[in-house]
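J.: Before I ask anything, here is the structure I am working with.
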Amino acid sequence: MSEPADGPRSVALVGPYTSGKTSLLESLLFVSGEVGRRGSVRDGNSVGDASAEARARQSGVEVNTATFEYNGTKITVLDCPGSVEFAQETNNALMGADFAVVVCEPDIDRIWTMGRLFKFLDQNKIPHAVFANKIDESSIRVAQLIEALSNISETPLVPCQVAIRDGENVTGYVDLITGNAYDYSDNQASEQLDGTPDSVSSRQEEARTQLLESLADFDDSLLENLLEDKIPSQDEVSSFLRDTLSEANVVPVFMGAAEKDWGVRRLLQAILAIGPGNESLARLRGVDMSSSAPLGQIVKTYISPHGGKISLARVWRGEFADGTVLNGGDRIAGMFSLVGQQQNKISKAGPGDIVGLGRLNKTVTGATIVPQDSPESERLSIAPELPPVYSFAVHASKREDEVKLSAAIAKLREEDPSVLFKLVPDTNDSVLWGQGEMHLRVALDRLKDKYGVALATEIPKVAYKEAIRKPVSQHSRFKKQSGGHGQFGDVHIEIKPLPRGGGFEFENTVVGGAVPKQYIPAVQTGVQEYLVKGPLGFPVVDVSVTLTDGKHHAVDSSEQAFKTAGRMAMTEGMPKCSPVLLEPIYEVVISAPSDFTPNVQRLITGRRGQVLGFSGKEGWAGWDETTFQMPQAEMHDLIIELRSLSLGVGSFEFEFDHLQELTGRLAEDVLAAAQSEEE
């Protein structure tokens, strides 16, 4: 059995919006003595959620970092945003913290809101515990909460405390590791009781048995002791729990009320006593700890208009000092211990530290860092990039800001790599992609407030196309006479529809030199120039044009004349070909808990979608994947409605599938809107 880990610790506070993560951070800082007064999100004076964007929303929008000492051990807390729209921030932080504390409210109805979070923790073997917050406000029993959480966790949950109640009100707890009972005191350390109240003795025995039996599944010596009715000591239970947690094989459950400081000191003690340290996590991450060469990784990037760029780095191995030149040529220009927006200058950082590094201009989030003269033999993994699900078409509100836009977007993406910026050639839209409307609104606020680039937004245009239904033969002549040489080009073409997806074809069947060979490419150019905007006002696809005959003039014919003649022939002939509007259809796969599958299917059919099928999501117990096809025009705010009907956890991936004819009233509306834009 192992001893408690030495060295600094790091903890990621994760959990859904309103669970009280930032309040827990404030309590941790207060009871540790780092701050003399607890801040509040409501009052706008918290250490966490201190950015302008977070203050405006009273909600976390990025990872907040706070380092402090407790009982002589340095602890860094990464307070992660709770909204699913900022899940990429959370995932990146989780890959760099020793372990996670999942903060949740004792609300059975909201358990599914943590489904994706628990799956990420399980898939990546991230050691984690649960802190059941706000137990002073709920009648739900911790045992009920554990039972509900077991439906979304692949790793068994084990209670570490049993609540003492006076009626429905929680007044204290029994610690299952020490066996001691305590009475809660608001904003003070809990008072130890003489003995365990009779009202909880049976529950205490049952819960401790559950704890020990869960640990025995992973420790043969403990199992042998239990079979022989040997009662392990407090130190032995702590050691068994520490070993099992370090391998991410169990999830300890603690409880409290952060705003009253209930249970927070016990949580800090647990972080030191059973929480894994750098060695454990490095092993899980595949870091070669036999080497002493410095190795670190950037888990977050902060940029402020006045303070510049700060890269938040996890040190896995060795030591980094201020002034170290890194791979890629960046030189550390300042090293800081962070407490929210406060930067405390330090000179060096060692294994397990999470520190801010100044002015790493070439180093991005997720990058592995080593000193410049070290062989770069390891590349540490980062959290997978989440697929984008929501977008705005954007342009600079002021024309003079267009030249600053690219640089501002590049800086924005350094802070938040999950924001994507793409130019859509089919519609000429510049599109900002992200994880939801709030995510993009925060990005827009940062562009305006930090980088001075205000963007106007609109719904991205749908990439409509048009095609034809019937063939037409067309003869057109371009003749123009002015002083000197004139212009003359005469063409006969056949316009035919191609099968959907056929693209564009051009053929030449002219014989006898009616159209000289040097002018035939010009005819094709004229045809293709027309296809950019057909008779309905959209790009033309799936069409074949054959040049069958024509005439030329020895003096007046030219490439320009035949190009104009080709374009004229298309202009005159295409309206006769029964043009039809085409809309893009995407194939989409929605992932959501099975309880919501009927709602998902109603959502799909209500948006002109066609369900292709659904099945259980592989590796996700209790989840379904629904595959369907849906017009692009129906997808802009799909994620908003999907999250609304699935407690925020439903998501989707999509890709273009085909073009499909659009007729009737919907087509008329599209054409009318396009016409009004031109006017």
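J.: Name the single residue that is nearest to G573 (Cα to Cα) among those in the range 450-478 being of a type in the set (G, A, S) and over 24 Å from the mean Cα position of the chain (by Cα). Lay out the reasoning, then the answer.
T.: In the first step, residues of the range 450-478 are kept if they are of a type in the set (G, A, S); the result is 452, 454, 456, 463, 467, 473, 476.
From the residues that got through so far, the ones that are over 24 Å from the mean Cα position of the chain (by Cα) too are 452, 463, 467, 473, 476.
Numbers: G452: 50, A463: 24, A467: 13, S473: 7, S476: 9 Å.
The extreme case among them is S473.
J.: Looking only at the range 395-417, which residues are touching a strand residue (DSSP E or B) at 6+ places or on another chain (Cβ under 7 Å), open to solvent by 10 Å² or more (accessible area, probe 1.4 Å) and not in a helix (DSSP H, G or I)?
T.: H395, S397 - these are the residues of the range 395-417 that are touching a strand residue (DSSP E or B) at 6+ places or on another chain (Cβ under 7 Å), open to solvent by 10 Å² or more (accessible area, probe 1.4 Å) and not in a helix (DSSP H, G or I).
J.: Is it fair to say V14 is out of contact with any strand residue (DSSP E or B) (no Cβ under 8 Å at 6 or more places or on another chain), over 19 Å from S337 (Cα atoms) and among the aliphatic types (A, V, I, L, M)?
T.: Working: out of contact with any strand residue (DSSP E or B) (no Cβ under 8 Å at 6 or more places or on another chain): no; over 19 Å from S337 (Cα atoms): yes; among the aliphatic types (A, V, I, L, M): yes.
It is false that V14 is out of contact with any strand residue (DSSP E or B) (no Cβ under 8 Å at 6 or more places or on another chain), over 19 Å from S337 (Cα atoms) and among the aliphatic types (A, V, I, L, M).
J.: Follow-up question, since we're still on this one. Yes or no: T564 under 20 Å from Q675 (Cα atoms) and among the polar types (S, T, N, Q)?
T.: Numbers: under 20 Å from Q675 (Cα atoms): no; among the polar types (S, T, N, Q): yes.
So T564 fails the test.
J.: Is it the case that the range 215-222 has a residue that's out of contact with any helix residue (DSSP H, G or I) (no Cβ under 6 Å at 6 or more places or on another chain), surrounded by fewer than 16 Cβ atoms within 10 Å (Cβ to Cβ), of a type in the set (S, T, N, Q) and over 12 Å from V158 (Cα atoms)? Reasoning before the result, please.
T.: Initial filter on the range 215-222 (out of contact with any helix residue (DSSP H, G or I) (no Cβ under 6 Å at 6 or more places or on another chain)): 217, 220-221.
Those left that are additionally surrounded by fewer than 16 Cβ atoms within 10 Å (Cβ to Cβ): 217, 220-221.
Pick out the ones that are also of a type in the set (S, T, N, Q) and you get 221.
Checking the rest, the ones that are also over 12 Å from V158 (Cα atoms) come to 221.
Within the range 215-222, one or more residues are out of contact with any helix residue (DSSP H, G or I) (no Cβ under 6 Å at 6 or more places or on another chain), surrounded by fewer than 16 Cβ atoms within 10 Å (Cβ to Cβ), of a type in the set (S, T, N, Q) and over 12 Å from V158 (Cα atoms).
J.: Provide a single number: the residues in the range 442-464 that are of a type in the set (A, V, I, L, M) and open to solvent by 80 Å² or more (accessible area, probe 1.4 Å).
T.: In the first step, residues of the range 442-464 are kept if they are of a type in the set (A, V, I, L, M); the result is 442-444, 447, 453-456, 459, 462-463.
From what's left, open to solvent by 80 Å² or more (accessible area, probe 1.4 Å): 459.
Qualifying residue count, the range 442-464: 1.
J.: Shifting gears a bit: Exactly one of these conditions fails for V47: (1) in a helix (DSSP H, G or I); (2) aliphatic (A, V, I, L, M); (3) open to solvent by 10 Å² or more (accessible area, probe 1.4 Å). Give me its number.
T.: If we test V47 against (1) in a helix (DSSP H, G or I); (2) aliphatic (A, V, I, L, M); (3) open to solvent by 10 Å² or more (accessible area, probe 1.4 Å), just (1) comes out false.
J.: Oh, and also: Restricting to the range 4-17, count the residues that are closer than 26 Å to S190 by Cα and either open to solvent by 60 Å² or more (accessible area, probe 1.4 Å) or of a type in the set (A, V, I, L, M) (or both).
T.: 5
J.: Sort out which residues of the range 273-293 are of a type in the set (A, V, I, L, M) and open to solvent by less than 40 Å² (accessible area, probe 1.4 Å), and write them in order of number. Give the steps one after another, and end with the answer.
T.: Filtering the range 273-293 down to residues of a type in the set (A, V, I, L, M) leaves 273-274, 281-282, 284, 287, 289, 293.
Listed by number, the residues that qualify are A273, I274, L281, A282, V287, A293.
J.: So, one more: Give me a count of the residues in the range 115-172 that are within 23 Å of D217 (Cβ to Cβ), touching a helix residue (DSSP H, G or I) at 6+ places or on another chain (Cβ under 9 Å) and in a loop (DSSP other than H, G, I, E, B).
T.: 11
J.: Residues that are open to solvent by 50 Å² or more (accessible area, probe 1.4 Å), closer than 20 Å to V555 by Cα and modelled with pLDDT of 95 or more: which strands (runs of 3 or more DSSP E) entirely in the range 465-542 hold 1 or more of them? Before the answer, list the steps.
T.: Working: elements: 465-468, 472-480, 487-497, 504-508.
Qualifying strands (runs of 3 or more DSSP E): 472-480.
J.: While we're here: I'd like the full set of residues that are in contact with a Pro (Cβ under 8 Å, 6 or more places away or on another chain) and of a type in the set (F, W, Y), limited to the range 551-565.
T.: Within the range 551-565, none qualify.
J.: Residue by residue through the range 8-43, note down the ones that are farther than 24 Å from P106 by Cα and part of a loop (DSSP other than H, G, I, E, B).
T.: P8, S32, G33, E34, V35, G36, R37, D43
The values are calculated or read from the model by the stated rules, or taken from the named source; none is laboratory data. Note that the structure is a prediction, hence the values are computed from the model and not measured. Ideal geometry is used to build each Cβ from the backbone, glycine not excepted, and the neighbour counts take in all protein chains shown. Side chains are part of the model used for accessible areas, which takes the heavy atoms of the whole protein and leaves out ligands, DNA and RNA. Shrake-Rupley method; radii C 1.70, N 1.55, O 1.52, S 1.80 Å.
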